[in-house]
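Chemist: Supplied in structure tokens, the structure appears directly below.
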Amino acid sequence: MPRFSFTVLAGVLALAGCARRDMPPLDAAASQRSAMKAAGPLQFQVKRYPGGEVYDIASDRGSVVVLDVWATWCEPCKDALPYYQDLANEYAAQGLKVYALNIDEDARAIPTFLEETKVTLPILVDQNAQVAERTLKVRGMPTTYFIDRKGLVRHVHEGFAEEYLAKYQTELEALLAEPTP
């Protein structure tokens, strides 16, 4: 993807979605989830941070996955990631895996952000936001995907607001209660 396109995407996301803390779940998220589910199991590969090893989402079939798409310049991401860290700690034994998919153009901002937020989640790097744009169709920041044990996207949450935390937890507990395929 050309550098210009990524820069435009980052600017649009920063202005459109990231600044809106009270962003409710959108009907568009429901249609996005339906389209993704119809397409079958989610498929993509990105690199792990900081070592650069390849991560393939298919390697987590059999687990429930939370995939949070974030950036260091996104203020609501600073609130969301620690919450997802707590979920990872609480539900890991039941088969939950949580990943933070970063779309920053320059990964050098990641360590400072993680130190400030006290997050130790596995970080994935989406070079030039290719997966976020093409596969996940991210429109605002943060956007979080709840993926079932078969690899199907079951819930999409655009933005982050504390009043939805109970709903998120209920959705995850329901996914975790489903049998392993």
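The values are calculated or read from the model by the stated rules, or taken from the named source; none is laboratory data. Keep in mind that what you see is a predicted model, and the values were worked out from it rather than measured. Here the Cβ positions follow ideal geometry from the backbone for every residue, glycine too, while neighbour counts run over all protein chains shown. Keep in mind that these areas ignore ligands, DNA and RNA; they rest on the heavy atoms of the full protein, side chains included. Shrake-Rupley method; radii C 1.70, N 1.55, O 1.52, S 1.80 Å.
Chemist: Does R108 count as surrounded by fewer than 16 Cβ atoms within 10 Å (Cβ to Cβ) and either not in a helix (DSSP H, G or I) or not hydroxyl-bearing (S, T, Y) (or both)?
Modeler: Yes, satisfied.
Chemist: Also, I was wondering about something else. Checking Q130 against (1) part of a loop (DSSP other than H, G, I, E, B); (2) open to solvent by 60 Å² or more (accessible area, probe 1.4 Å), only one condition comes out false. Which one?
Modeler: (1)
Rundown of residues vs (1) part of a strand (DSSP E or B); (2) open to solvent by less than 50 Å² (accessible area, probe 1.4 Å); (3) modelled with pLDDT of 95 or more; (4) not hydroxyl-bearing (S, T, Y), yes/no style:
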{"position": "S34", "(1), (2), (3), (4)": "no, no, no, no"}
{"position": "K37", "(1), (2), (3), (4)": "no, no, no, yes"}
{"position": "P41", "(1), (2), (3), (4)": "no, no, yes, yes"}
{"position": "G52", "(1), (2), (3), (4)": "no, yes, yes, yes"}
{"position": "Y55", "(1), (2), (3), (4)": "yes, yes, yes, no"}
{"position": "G62", "(1), (2), (3), (4)": "no, yes, yes, yes"}
{"position": "V69", "(1), (2), (3), (4)": "yes, yes, yes, yes"}
{"position": "P76", "(1), (2), (3), (4)": "no, yes, yes, yes"}
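Chemist: For R154, indicate whether it is in contact with a Gly (Cβ under 6 Å, 6 or more places away or on another chain) and either farther than 25 Å from P181 by Cα or surrounded by fewer than 23 Cβ atoms within 10 Å (Cβ to Cβ) (or both).
Modeler: Taking the combined requirement at face value, the residue does not satisfy it.
For (1) of a type in the set (K, R); (2) at negative phi; (3) modelled with pLDDT under 95, each residue gets a yes or a no:
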| position | (1), (2), (3) |
| --- | --- |
| D126 | no, yes, no |
| A132 | no, yes, no |
| L136 | no, yes, no |
| I147 | no, yes, no |
| K150 | yes, yes, no |
| V156 | no, yes, no |
| A161 | no, yes, yes |
| Y164 | no, yes, yes |
